[in-house]
Amino acid sequence: MEQSRALDEALKLLTGLDNDSTKRANIVEYVRENGRIAVFAYGSLIWNPCEHVEQIIPDCLLNGYIKGFICQDFIYRGTKDFTGLTMGLKPCEDCFVKGYMLMAGANKLISFIEAFIKRETPISVDGTKMDIYTYDFLPVIMSDGKTIEWALTCVVNSNSQFYLPMTLSIKQQAEIISQAYGINGTNFQYLHNTLHTYRRLSLIDTFTGEIEELYAAVLIYRKYLNKHERQWLESFEKLTTKDERELAIKLRKTNNIRMRQQKLFARAYSIEPTVSAKYNRMVSV
């Protein structure tokens with residue numbers, strides 16, 4: 001009973017479940033009967049799972065949804081000054097998504113969900129919540145093609161200010177992903193790691209053709225970035241800790257501000273002064 005109450009309280013922290021007591025009750029009952037809880041992973045969670053995962057099952061299938069770079073990211077793979085893109089799911093009747101099932105047993109239920117929440121709903125230093133997802137409990141077909149396991153799933157939050165209701169073209173997405181970066185690395189690294197995991201595990205779904213096309217476009221865009229920009233991004237990708245990346249972002253922002261100030265200063269002093277014509281004062285008689 002105590003664990004059920006704790007689970008219900010944890011689920012209240014998830015957008016979409018916070019004000020749906022019936023759905024939370026169904027999840028709690030499902031977990032009580034099965035002794036485990038699962039998360040359906042389709043993006044970075046498949047190559048960088050959250051903490052307290054006890055079992056990982058690849059090649060699982062979710063019907064009725066499609067992936068897409070339809071969410072803005074201003075923390076992990078972008079900044080407030082230049083937002084990156086991250087994936088979300090949206091309903092699509094004839095579509096399907098391939099991914100992983102991340103599972104935790106009764107002893108790690110709460111810590112697993114708390115780690116999942118912290119990972120997928122980060123808060124920036126100024127207190128802005130990246131509420132790009134709403135959470136649902138959906139039926140996922142396991143790798144045997146028969147067994148169904150219900151799982152917590154990140155679906156795009158269409159009410160979030162960071163949701164992109166208009167689908168960007170491949171060109172527009174590539175332009176953003178080739179340049180954006182955040183505390184977890186560059187947006188390109190996110191795309192690269194995700195796609196290469198799909199390829200390695202042969203995870204083919206409705207989005208496969210588009211993500212392959214997007215990756216090729218990003219490679220071209222990165223190739224034609226100016227030398228300074230490309231070298232900075234490549235150096236940034238070699239940083240190994242979040243602290244190092246945060247410092248690099250801070251320094252770059254400071255340098256950019258200084259450069260803009262210097263340009264304005266130089267421009268101000270490059271303008272030739274205007275000499276006004278002088279007129280003799282007329283003295284009234």
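FYI, it's all coordinate maths here, none of it is from the lab. Just so we're clear, the structure is a prediction, and the values are computed from it rather than from any experiment. For neighbour counting, all protein chains shown are included, and Cβ atoms are generated from backbone atoms with ideal geometry for every residue, glycine included.
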Task: Distance between modelled label sites at residue 23 and residue 142, nm, 7 Å Cα→Cβ extension - done: 2.4
Task: Inter-part distance where segment 143-222 and segment 10-59 are each reduced to a Cα centre, Å - done: 21
Open item on the list: As a test of the definition: which semi-axes, in Å, follow for segment 2-167 when you take the square root of five times each eigenvalue of its alpha carbon gyration tensor? Largest first, please.
Closed with: 25, 19, 15
Open item on the list: How large is the convex hull of the C-alpha atoms of segment 67-143 per residue, in Å³?
Closed with: 116
Task: P(r) of segment 104-200 over all Cα-Cα pairs, binned every 10 Å from zero, in whole percent - done: 12, 29, 41, 17, 1
- [ ] Have a look at 92, 60, 50 and tell me which one the Gaussian network model of the chain (Cα, springs below 10 Å) gives the largest fluctuation.
- [x] 92
Task: Label zone at residue 33 (point 7 Å along Cα-to-Cβ), backbone N below 16 Å, segment 96-116 - done: none
Open item on the list: Just want to confirm a number: the relative contact order over the chain, from Cα pairs under 8 angstrom separated by 6+ residues, in percent.
Closed with: 19
Task: Distance cut-off 23 Å, percentage of C-alpha pairs in the chain lying past it - done: 60
- [ ] Under 1.5 on a/c is rounded, so check that first for segment 113-268, then, if it is not, pick prolate when a/b is larger than b/c and oblate when it is not; a ≥ b ≥ c are the square roots of the alpha carbon gyration tensor eigenvalues.
- [x] prolate
Open item on the list: Can you tell me which of 151, 106, 41 moves the most in a GNM of the chain? Springs connect C-alpha atoms under 10 Å apart.
Closed with: 106
TODO: With the convex hull built on the Cα atoms of segment 1-52, state its orientation-averaged projected area in nm².
DONE: 4.3
TODO: Tell me the label-point distance for the pair residue 90, residue 5, using the 7 Å Cα-to-Cβ offset, in nm and rounded to one decimal.
DONE: 4.2
TODO: State the number of lysine pairs found in segment 9-132 whose Cα atoms come within less than 12 Å, restricting to pairs 8 or more positions apart or on distinct chains.
DONE: 4
TODO: Could you check the simple spin-label distance between residue 234 and residue 168, using points 7 Å along Cα→Cβ, in nm with one decimal?
DONE: 2.4
Open item on the list: Pairing rule first: another cysteine's C-beta must sit under 4.7 Å. Under that rule, which cysteines of the chain stay single?
Closed with: 50, 60, 71, 154
Open item on the list: Please enumerate, by chain and number, the aspartates and glutamates with C-alpha under 15 Å from the C-alpha of residue 146, excluding those fewer than 8 residues away in the same chain.
Closed with: 59
